[in-house]
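Visitor: Sharing a structure with you now.
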Amino acid sequence: MPFVDYLRISLIDRCHYRCTYCVPADGVEPASPLPELLTHGELVTLVRDVFVPLGFRKFRLTGGEPLLRADTVDIVRSLAALPGVQDLALTTNGDRLAPLAEPLYQAGLRRLNISLDSLNPDTFQKITGRDRWQRVWNGILAAAAVGFAPLKLNVVVIPGINDQEVPALAALTLDRPWHVRFIEFMPIGNETLFGEKGWVDSATLRQQLQDQFGLEPATCQGNGPADVFRLRDAQGTVGFISQMSECFCDRCNRLRLSADGWLRPCLLNEVGQQNLKTWLRGGADPILLQATVAQLLQDKTNIHFKDRERGGDRYTRTMARIGG
Ligand code: SAM
């Protein structure tokens, strides 16, 4: 396993979109009451006094929808200024991005991932439950104009819903320096939809793009588990995240911190998680918290996503609640 130096931080477990792959068929889970969320000050303490001393250098803010939090720009400013924080990124649905792109950039953010599952406003509405395609597109254009690079677009590919749009989404990279990532649909969140539709494996999409455009291997900053390529003569890149068809546990360099303070060693497994907020609010010394995280890092090597089956009822959260 590589050195674990990447923490994904969920700022909030609420989201005002209802993405069909994320929201369970029987409705959205109740979000944490606001006092349960880690505060701006607690997040800074954890990053500065616990994670950076343990060698963490890369941080991503996510949710839920991180731009729903009123203090997100302030949190970005504080974290970006911390010595040791080398890479700070944020994942958003883009809905509130247009007016916030400039303040986020000024606060020190340089990397953004935006979910955009369709170029068709009707399909977008079908997937997200919101008639907001133009608003998100405006947010993407605002972020590009401000200078975010690489600007990444996340696409969850669902058979019969948006899989036919993969070539058009990939073609966005032909004359823009953007990075479009195709993510295999996982049975986490809406398992009913997953049961009905299934998923498309990255190899099929890659072949399709190879046949239509020609593909060459490429790299992209912060590509993580993505396999990255460039369409022939394209300015940007395309990536494939293949967590269903491929196991990349041996490349996993990350931990996840939920908005309510649970640190988990693996996306698909809640075994071994620790609630850092309880320790923090109980007045625990950062050194003790470092020891707790170090122990969890040691245990991570032994926690494989396939153990999820054995985790049984401990597997209780959607991506919105874990932090996607
Ligand atoms: N609200 C932000 C957004 O929309 O990007 C951040 C949170 S969202 C949970 C983060 C990512 O989780 C999305 O880009 C989506 O790709 C991913 N996601 C959620 N449920 C998923 C599922 N069942 N399969 C694959 N990806 C999923």
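The values are calculated or read from the model by the stated rules, or taken from the named source; none is laboratory data. Note that this is a predicted model, so its numbers are computed, not measured. Counting neighbours? That spans all protein chains shown, and the Cβs are built from the backbone with ideal geometry, glycine included. Note: accessible area is taken over every heavy atom of the protein model, side chains too, but ligands, DNA and RNA are not part of it. Shrake-Rupley method; radii C 1.70, N 1.55, O 1.52, S 1.80 Å.
Visitor: Quick check on the stretch 31-182: what does the Kirkwood estimate of hydrodynamic radius come out to from the alpha carbon pairs, in Å?
Guide: On the way: mean 1/r = 0.0607 Å⁻¹.
Averaging 1/r across every pair of different Cα atoms and inverting gives 16.5 Å.
Visitor: What spacing in nm lies between the two simple spin-label points modelled at residue 211 and residue 135, each 7 Å away from Cα in the Cβ direction?
Guide: 3.8 nm
Visitor: Continuing with this model, one more query. For the stretch 146-204, which semi-axes, largest first and in whole Å, follow from the square roots of 5 times the eigenvalues of its Cα gyration tensor?
Guide: On the way: eigenvalues 129, 33, 13 Å².
In descending order, the three semi-axes are 25, 13, 8 Å.
Visitor: Quick one: accessible surface of residue 297, probe radius 1.4 Å, all protein chains present, in square angstrom to the nearest 10.
Guide: 40 Å²
Visitor: Here's something else I'd like to know. What percent do you get for the relative contact order of the stretch 43-156 when only Cα pairs under 8 Å and 6+ apart count? Write down the numbers at each step before the final one.
Guide: On the way: 174 pairs, mean separation 29.4, N = 114.
Relative contact order comes out at 26 percent.
Visitor: May I have the convex hull volume per residue, in Å³, for the Cα set of the stretch 114-269? Could you put the intermediate results ahead of the total?
Guide: Working: hull volume 21.4 nm³, N = 156.
In the stretch 114-269, the Cα convex hull volume per residue is 137 Å³.
Visitor: Hey, what's the Kirkwood Rh for the stretch 6-322 if you take every pair of different alpha carbons, in angstrom?
Guide: Values: mean 1/r = 0.0499 Å⁻¹.
Taking the inverse mean of 1/r over all distinct Cα pairs, the stretch 6-322 comes out at 20.0 Å.
Visitor: Return a whole-number percent for the relative contact order of the stretch 6-322, with Cα pairs under 8 Å and 6 or more residues apart as the contact set.
Guide: Working: 622 pairs, mean separation 63.9, N = 317.
It rounds to 20 percent for the stretch 6-322.
Visitor: Let me ask something else. Tell me, what is the FRET efficiency for residue 288 and residue 26 to the nearest 0.05, using R0 = 45 angstrom and their Cβ-Cβ distance as r?
Guide: Details: r = 40 Å, r/R0 = 0.88.
FRET efficiency, residue 288 to residue 26: 0.70.
Visitor: Follow-up. Per the 1.4 Å probe, what fraction of the accessible area of the chain, in percent, lies on carbon and sulfur atoms? Don't jump to the answer; show the numbers that get you there.
Guide: Working: 6790 of 13350 Å².
On the chain, the fraction of accessible area on carbon and sulfur atoms equals 51 percent.
Visitor: Residue 122 to residue 192: extension gain in nm, 0.36 nm per residue of separation minus the Cα-Cα distance?
Guide: Numbers: separation 70, 0.36 × 70 = 25.20 nm, distance 2.19 nm.
Full extension of this stretch gives 23.0 nm more.
Visitor: Which whole-number value in Å² is the accessible area per residue of the chain, probe 1.4 Å? Could the numbers behind the result be given before it?
Guide: Numbers: 13350 Å² over 324 residues.
In whole numbers, the chain has 41 Å² accessible per residue.
Visitor: While we're looking at this one, here's another question. Just to be sure I understand the model, the point goes 7 Å from the Cα along the line to the Cβ. What's the resulting residue 248 to residue 74 distance in nm?
Guide: 3.6 nm
Visitor: With a sphere of radius 10 Å drawn around the Cβ of residue 16, what net charge do the other residues whose Cβ falls strictly inside it have (Lys, Arg +1; Asp, Glu -1)?
Guide: Numbers: positive: 14, 18, 96, 130, 132; negative: 65, 95.
Value of the local net charge: +3.
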